[in-house]
1. Order these peptides, 112-120, 98-106, by their mean beta-carbon neighbour count within 10 angstrom, highest first.
2. For the pair D29/H61, report the inter-label distance in nm, with labels modelled 7 Å from Cα in the Cβ direction.
3. Using a simple charge model, +1 on the beta-carbon of Lys and Arg, -1 on the beta-carbon of Asp and Glu, nothing else, what dipole does region 53-93 show about its Cα centre, in debye to the nearest 20?
4. Work from the charge dipole of region 2-141 (Cβ charges, +1 for Lys and Arg, -1 for Asp and Glu, about the Cα centre) and give the residue of I5, G131, I21 farthest towards its positive end.
5. Please work out the Cα center distance from region 100-143 to region 35-80, rounded to the nearest Å.
6. Kirkwood Rh over Cα pairs of region 74-143 into Stokes-Einstein at 10 °C, 1.306 mPa s: D in µm²/s?
7. Which three extents, in angstrom, do the Cα atoms of the chain have along their principal axes, listed largest first?
8. Please identify which residues in region 96-133 have an amide N closer than 17 Å to a label point set 7 Å out from the Cα of I21, following the Cα→Cβ vector.
Amino acid sequence: MKLFILNGPNLNRLGKREPEIYGSQTLADVEANCSALAEQFGAAIDFRQSNHEGDIVDWIHEAADSNIDGIVINPGAYTHTSIAIRDAIASVDVPVIEVHISNIHAREAFRHESKLAAECVGQICGLGTFGYELAMRKFLQQK
Ligand code: CA2
């Protein structure tokens, strides 16, 4: 089993500011946790981050073209704005789980809506960086 774990804009800054919202783990810490979990299951992950919307669209297409079994995505602020990422998710057969570190529903009104969630298997939010591992487990338990 091979999973893509995709991260959107500003997540490369994780652990550097706003620890009260996002915790103290860096994105490298999250990647290490996800890699350790994948290893337990004999799975492989490709963990990526970009600040550019088109990269994320391209990676979703790449997942479909390279027979990836599932995508875990924290789209960052593109969650709330991106029809392009929504259409990319709709254009592939690969199942996608949306993850947010913070509880987007308990924050500013503009974060309450996800343009992507309806095209995803589900959404995990508010459980900190553990949400990435929970999303991975949903895919890993299936094989
Ligand atoms: O809670 C999440 O995981 C978010 O996807 C994080 C995004 C935010 O725009 C979404 O509404 C919810 C923000 C990405 C990280 O932004 C940082 C800001 C300050 C310090 C570190 C990261």
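1. Working: 112-120: 16.9, 98-106: 18.9.
So the peptides 112-120, 98-106, ranked by packing, come out 98-106, 112-120.
2. For the pair D29/H61, the computed spacing is 3.6 nm.
3. Details: 1 positive and 8 negative charges, 43 e Å.
The calculation lands at about 200 debye.
4. Farthest towards the positive end: I21.
5. 14 Å
6. 127 µm²/s
7. The Cα atoms of the chain stretch 37, 32, 23 Å along their principal axes.
8. Taking a point 7 Å out along Cα→Cβ of I21, the residues of region 96-133 whose backbone N falls under 17 Å are 99-114, 125-129.
A short reminder: the numbers here are calculations on the coordinates, not readings from a lab. Worth saying up front: this structure is predicted, and the values here are computed from it rather than measured. Every residue, glycine as well, gets a Cβ built from its backbone with ideal geometry; the counts of neighbours run over all protein chains shown.
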